[in-house]
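Report on the structure given below.
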Amino acid sequence: MSECIFCKIAAGEIPAKLLYQDDEMLAFHDIKPAAPVHFLVIPRAHIASCAELSEAHAPLLGRMLVKASELAREQGLNEGFRTIINTGRIGGQEVYHLHIHVLGGSQPLGAPF
Ligand code: 5GP
Ligand code: ZN
(Lines give C-alpha, C1' and ligand atoms only; values in the text may rest on other atoms or scores of the structure.)
(Ligands and ions follow the chains in the order given, each with its own letter.)
Protein backbone atom coordinates (compact mmCIF):
# COMPACT_ATOMS: atom_id res chain seq x y z
CA MET A 1 0.00 0.00 0.00
CA SER A 2 1.17 3.52 -0.80
CA GLU A 3 2.60 5.59 2.02
CA CYS A 4 1.80 8.75 0.09
CA ILE A 5 -0.81 10.87 1.86
CA PHE A 6 -2.29 12.22 -1.38
CA CYS A 7 -2.50 8.71 -2.89
CA LYS A 8 -4.44 7.77 0.26
CA ILE A 9 -6.80 10.71 -0.23
CA ALA A 10 -7.21 9.70 -3.90
CA ALA A 11 -8.03 6.13 -2.81
CA GLY A 12 -10.55 7.38 -0.22
CA GLU A 13 -8.47 5.88 2.58
CA ILE A 14 -8.19 9.17 4.44
CA PRO A 15 -10.82 11.90 4.33
CA ALA A 16 -10.56 15.24 2.57
CA LYS A 17 -13.03 18.00 1.77
CA LEU A 18 -13.41 17.15 -1.89
CA LEU A 19 -14.38 19.78 -4.44
CA TYR A 20 -14.10 17.62 -7.51
CA GLN A 21 -12.98 14.22 -8.74
CA ASP A 22 -12.90 12.28 -11.96
CA ASP A 23 -10.90 9.35 -13.28
CA GLU A 24 -7.64 11.28 -13.58
CA MET A 25 -7.63 14.07 -10.96
CA LEU A 26 -9.16 15.36 -7.78
CA ALA A 27 -9.42 18.67 -5.95
CA PHE A 28 -9.82 19.19 -2.21
CA HIS A 29 -9.45 21.95 0.36
CA ASP A 30 -6.01 22.34 1.94
CA ILE A 31 -6.01 21.13 5.56
CA LYS A 32 -4.04 24.25 6.63
CA PRO A 33 -5.39 27.04 4.43
CA ALA A 34 -3.02 29.93 3.76
CA ALA A 35 -5.84 32.11 2.36
CA PRO A 36 -9.66 32.28 2.74
CA VAL A 37 -9.91 29.88 -0.21
CA HIS A 38 -7.08 27.37 -0.59
CA PHE A 39 -7.50 24.12 -2.44
CA LEU A 40 -5.25 21.62 -4.18
CA VAL A 41 -5.63 19.92 -7.55
CA ILE A 42 -3.78 16.60 -7.83
CA PRO A 43 -3.48 13.82 -10.41
CA ARG A 44 -4.77 10.40 -9.28
CA ALA A 45 -1.56 8.86 -10.56
CA HIS A 46 1.41 9.22 -8.26
CA ILE A 47 3.76 11.75 -9.85
CA ALA A 48 6.23 12.84 -7.15
CA SER A 49 6.81 16.37 -8.38
CA CYS A 50 6.96 18.70 -11.33
CA ALA A 51 10.56 17.54 -11.81
CA GLU A 52 9.27 14.07 -12.78
CA LEU A 53 7.00 15.31 -15.57
CA SER A 54 7.46 14.13 -19.13
CA GLU A 55 5.87 15.09 -22.43
CA ALA A 56 3.22 12.39 -21.91
CA HIS A 57 1.89 14.26 -18.87
CA ALA A 58 1.30 17.50 -20.77
CA PRO A 59 -2.41 16.95 -21.61
CA LEU A 60 -3.20 15.92 -18.01
CA LEU A 61 -1.44 18.97 -16.58
CA GLY A 62 -3.30 21.19 -19.01
CA ARG A 63 -6.64 19.72 -17.94
CA MET A 64 -5.70 20.14 -14.27
CA LEU A 65 -5.06 23.84 -14.84
CA VAL A 66 -8.35 24.27 -16.69
CA LYS A 67 -10.13 22.53 -13.79
CA ALA A 68 -8.28 24.68 -11.25
CA SER A 69 -9.58 27.80 -12.97
CA GLU A 70 -13.13 26.42 -13.23
CA LEU A 71 -13.16 25.50 -9.52
CA ALA A 72 -11.69 28.90 -8.59
CA ARG A 73 -14.67 30.51 -10.31
CA GLU A 74 -17.06 28.16 -8.49
CA GLN A 75 -15.41 29.18 -5.21
CA GLY A 76 -16.19 32.81 -5.97
CA LEU A 77 -12.68 33.86 -6.95
CA ASN A 78 -13.95 36.09 -9.74
CA GLU A 79 -11.33 38.79 -9.24
CA GLY A 80 -8.38 36.46 -9.48
CA PHE A 81 -6.43 33.82 -7.62
CA ARG A 82 -2.90 32.47 -7.32
CA THR A 83 -1.69 29.09 -8.55
CA ILE A 84 1.50 27.64 -7.06
CA ILE A 85 3.43 24.42 -7.65
CA ASN A 86 6.26 23.87 -5.17
CA THR A 87 8.98 21.55 -6.43
CA GLY A 88 11.64 19.78 -4.39
CA ARG A 89 13.61 20.93 -1.38
CA ILE A 90 14.47 24.32 -2.81
CA GLY A 91 10.86 24.90 -3.87
CA GLY A 92 9.64 24.11 -0.35
CA GLN A 93 7.67 21.01 -1.38
CA GLU A 94 6.35 19.09 1.64
CA VAL A 95 4.13 16.45 0.03
CA TYR A 96 5.82 14.53 -2.77
CA HIS A 97 2.72 13.96 -4.89
CA LEU A 98 2.37 16.70 -7.50
CA HIS A 99 -0.26 19.29 -6.64
CA ILE A 100 -1.37 22.70 -7.85
CA HIS A 101 -2.25 25.09 -5.01
CA VAL A 102 -5.08 27.54 -5.75
CA LEU A 103 -5.36 30.47 -3.33
CA GLY A 104 -7.66 33.45 -3.19
CA GLY A 105 -10.12 35.50 -1.21
CA SER A 106 -11.66 38.94 -1.08
CA GLN A 107 -8.38 40.84 -0.54
CA PRO A 108 -5.29 40.86 -2.76
CA LEU A 109 -2.77 38.23 -1.67
CA GLY A 110 0.61 39.48 -0.46
CA ALA A 111 3.47 39.51 -2.92
CA PRO A 112 5.00 36.02 -2.98
CA PHE A 113 8.58 37.24 -3.48
P1 5GP B 1 3.61 21.68 -0.52
O2 5GP B 1 4.46 22.41 0.47
O3 5GP B 1 4.05 20.25 -0.66
O4 5GP B 1 3.48 22.40 -1.83
O5 5GP B 1 2.15 21.70 0.07
C6 5GP B 1 1.52 20.63 0.69
C7 5GP B 1 0.17 21.11 1.15
O8 5GP B 1 -0.61 20.00 1.50
C9 5GP B 1 0.22 22.03 2.38
O10 5GP B 1 -0.42 23.27 2.08
C11 5GP B 1 -0.52 21.23 3.45
O12 5GP B 1 -1.29 22.05 4.32
C13 5GP B 1 -1.38 20.29 2.64
N14 5GP B 1 -1.66 19.01 3.29
C15 5GP B 1 -0.74 18.20 3.89
N16 5GP B 1 -1.35 17.11 4.36
C17 5GP B 1 -2.67 17.22 4.06
C18 5GP B 1 -3.79 16.39 4.29
O19 5GP B 1 -3.73 15.32 4.88
N20 5GP B 1 -4.99 16.84 3.82
C21 5GP B 1 -5.12 18.02 3.15
N22 5GP B 1 -6.35 18.35 2.74
N23 5GP B 1 -4.07 18.83 2.92
C24 5GP B 1 -2.86 18.43 3.36
ZN1 ZN C 1 1.00 9.79 -4.22
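The values are calculated or read from the model by the stated rules, or taken from the named source; none is laboratory data. In this text the structure is predicted, and so the values were computed from the model without any measurement. Methodologically, a virtual Cβ is constructed for each residue, glycine included, from the backbone with ideal geometry; neighbour enumeration extends over all protein chains shown.
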Looking only at the stretch 88-113, which residues are surrounded by 15 or more Cβ atoms within 10 Å (Cβ to Cβ), more than 15 Å from ligand 2 (Cβ to nearest atom) and within 15 Å of the chain's Cα centre (by Cα)?
101, 102, 103, 104
Does the stretch 19-49 hold any residues that are within 16 Å of ligand 2 (Cβ to nearest atom) and outside any loop (DSSP other than H, G, I, E, B), and which are they?
21, 25, 26, 27, 28, 40, 41, 42, 43
Evaluate the stretch 1-9: report whether one residue or more is more than 12 Å from the chain's Cα centre (by Cα), at pLDDT 95 or above, part of a helix (DSSP H, G or I) and over 25 Å from residue 90 (Cα atoms).
yes
Selection within the stretch 22-35 - surrounded by 14 or more Cβ atoms within 10 Å (Cβ to Cβ) and more than 13 Å from ligand 1 (Cβ to nearest atom)
25
Take residue 49 and decide whether it is within 14 Å of ligand 1 (Cβ to nearest atom), among the polar types (S, T, N, Q) and within 25 Å of residue 112 (Cβ to Cβ).
yes
